[in-house]
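Student: Quick one: structure below, then a few questions.
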Amino acid sequence: MDDRAAWFAGDLLGLPVPAHAGALREGGVAWLTDAFRASGALGYDNRVAAITAFEEKLGGGTGRKLLLSVAYARPDPALPTDLFVKFSRDYEDDFRDGLRSQMEPEVQFALLSRAPDFPATVARCMYADLHAASGTATLITERIPFGRNGIEPAYEKCVDYELSRPVEYYRALLKAVARLAGGHRAGRLPAAVARLFPFAIERIGFMAPMPYRADQLQRRLDRYAAFAARHPRLVPEHVRTPEFLAEVAATTPRVLAHEAEIKAFLHGDPRLIALCHWNANVDNGWFWRGADGELECGLLDWGGVGQMSVALALYGCLSAADPELWDGHLDELLALFAAEYHRSGGPQVPVADLKRHLQLMTLIMGLAWLMDAPAVIEKELPGLAAEATRFDPAFRGNETARMRLHMITMFMHQWARQGFGALVEGFVRDLETPAL
C-alpha cells in the first residue's frame, strides 16, 4: 500500500481512515455520518447534513489539524457542531510525519473515553480510528470553546506568571489526573484497558536507559555552568554556585550506577501504578468555575497515555510549574492528589511515599532529558543578551527555548531545595542495608 495514500483501512471501527483534510473533505457528510455512527456518537435516526466550516491548521508536535463545523439533519443540543480533527500524518513535513505512530494510544484512549461514567472529563470523542501498520490515525472530538460559555481562555506552557493564582490550576489538574488513576484502580474503566495499555516499564518511553555516560553528563554540566555564567539573570544564583555544581557532579555518577534500581523502585510499588495522563500542564487542559466557585478542568492531548507510575504523571504536571509553587505548595498538592486518588477508588498512599517517588522521578527525568537545555536555548536564540531574563520577549515568543529554560531551572532548583544529593545517598544506603 502507498504510504502516502489518502485512505487506509481502519483497524478498530471497520471504516476507511482519511489520512488528511483533503480526503475527509472528499468523504464529506456521508463518511462523517458513517464515522460518527460507528463510534456510537450519532444515532441511526440522525445524520450529518452539511459541513458548514472547514479550516486547516498546523500546530503541535505531529500531524495536521482541522477546525470543522457541521450541521445535523436533526439538531440536538447534545451533539457538538464545532469539531476538532487531528491527523497523525503530515505529508508535507517528513519529520512531523515520522512521529505519526505517537497517536495510536490517543486514538485507543479516545474510544475508551466514550464509556458511561468515565472518571475523567475529556473532549467528547466523535470518531477515532487508525491503521497501525502505516501509523495513520484520525481523531475527531468536540472543539473546546476557549474564552466562551464560561470556559477560560487557553493558556500556554511555562508562563504561569500570567495566571492570577497558579496553585488553583494545579489543584484542578492534579484532581483530574487522580480521578482517572483512581477510577482505573477501582475497575471503573472498560476491560479493554488491560489489553490496550498493559503495564510494562519497557513500554514507557521516558524510562529508556539514560542516553549519556558519566563523562558526557559532566560535559553537559560544564556547559550549563558556562551558560549560567554568561546569563546570570536567567539562572538563579543558588543553582550556579561552585558548591552546588560540585555536588551535582559528585552525585551524577552515583545515579548512573544505580539507574536500574531507581527505575525498578519507581515502578515496583503496585499502589502507584495506574492509567495516567503524563503531561497535564495548563496548556493541556480547559478550565471553568463550578457552582461552588472552585476551578475545575478537563484534559486534552492524551498522547503518551498509559499505565505508569503516578510519580511520572505528577512530574509531567508539575514540571511546568514555577519553582515558587513547588516551594510553597508541594506538600499540599501531593496531599490533595493522594486524597482524590483514594476517593476515586485507588489505594491509600502516604504523602511521604508520593514525595519520595516524585523526587526520584524528577532526578531521573532531569538527567535524562534536560541537560542539553543550554545548547538548545542558544541554538533557538543565538545572540541572546547577557542581561536577558526569562521575561524577555525572545522567550515569550519561542516556546522551545522558554520550555527548556524553565525545565532546567526547575530541575536544578529542586535539586538544591530538596537535597537530591542526600536523596541519592539515602537510596543507596537502603539498597546496601540487608533486610532483617
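Student: Can we say Gly43 is in a loop (DSSP other than H, G, I, E, B) and more than 27 Å from the chain's Cα centre (by Cα)?
Tutor: Judged against the criteria, Gly43 is a match.
Student: Can you confirm whether Leu58 is in contact with a strand residue (DSSP E or B) (Cβ under 7 Å, 6 or more places away or on another chain), modelled with pLDDT under 95 and outside the structural domain of Asp301 (by TED's automatic domain parsing)?
Tutor: yes
Student: Just to be sure, is Gly63 at positive phi and outside the structural domain of Leu189 (by TED's automatic domain parsing)?
Tutor: Taking the combined requirement at face value, the residue satisfies it.
Student: Does Trp278 qualify as being at pLDDT below 95 and closer than 30 Å to Asn149 by Cα?
Tutor: Taking the combined requirement at face value, the residue satisfies it.
Student: Tally time: how many residues in the range 190-219 are of a type in the set (Ser, Thr, Tyr) and at pLDDT below 90?
Tutor: The total comes to 0.
Student: Same structure, new question: So, in the range 157-189, of the ones that are among the aromatic types (Phe, Trp, Tyr) and at pLDDT 95 or above, which residue ends up farthest from Val305 (Cα to Cα)?
Tutor: Among them, the one singled out is Tyr169.
Student: Could you check the range 337-350 and list, in sequence order, the residues that are part of a helix (DSSP H, G or I) and either crowded, with 18+ Cβ neighbours inside 10 Å or on the phi > 0 side of the Ramachandran plot (or both)?
Tutor: Phe337, Ala338, Glu340, Tyr341
Student: Of the residues Pro236, Pro242, Pro232, Pro253, which single one is of a type outside the set (A, V, I, L, M, F, W, C), surrounded by fewer than 21 Cβ atoms within 10 Å (Cβ to Cβ), touching a His at 6+ places or on another chain (Cβ under 8 Å) and in the same structural domain as Arg171 (by TED's automatic domain parsing)?
Tutor: The match here is Pro236.
Student: Among the residues of the range 98-111, what is the count of those that are over 10 Å from Gly304 (Cα atoms) and surrounded by fewer than 19 Cβ atoms within 10 Å (Cβ to Cβ)?
Tutor: Number of matching residues: 3.
Student: For the range 352-390, enumerate the residues that are of a type in the set (A, V, I, L, M, F, W, C) and either in contact with a Gly (Cβ under 8 Å, 6 or more places away or on another chain) or under 21 Å from Ile204 (Cβ atoms) (or both).
Tutor: Residues satisfying the conditions are Leu354, Leu358, Leu360, Met361, Leu363, Ile364, Met365, Leu367, Ala368, Trp369, Leu370, Met371.
Student: Name, by its number, the condition in (1) surrounded by 19 or more Cβ atoms within 10 Å (Cβ to Cβ); (2) closer than 18 Å to Thr141 by Cα that does not hold for Phe8.
Tutor: (2)
The values are calculated or read from the model by the stated rules, or taken from the named source; none is laboratory data. All of these numbers come straight from a predicted model, not from anything done at the bench. Don't worry about glycine lacking a Cβ; one is built from the backbone with ideal geometry, like all the others, and counts go over all protein chains shown.
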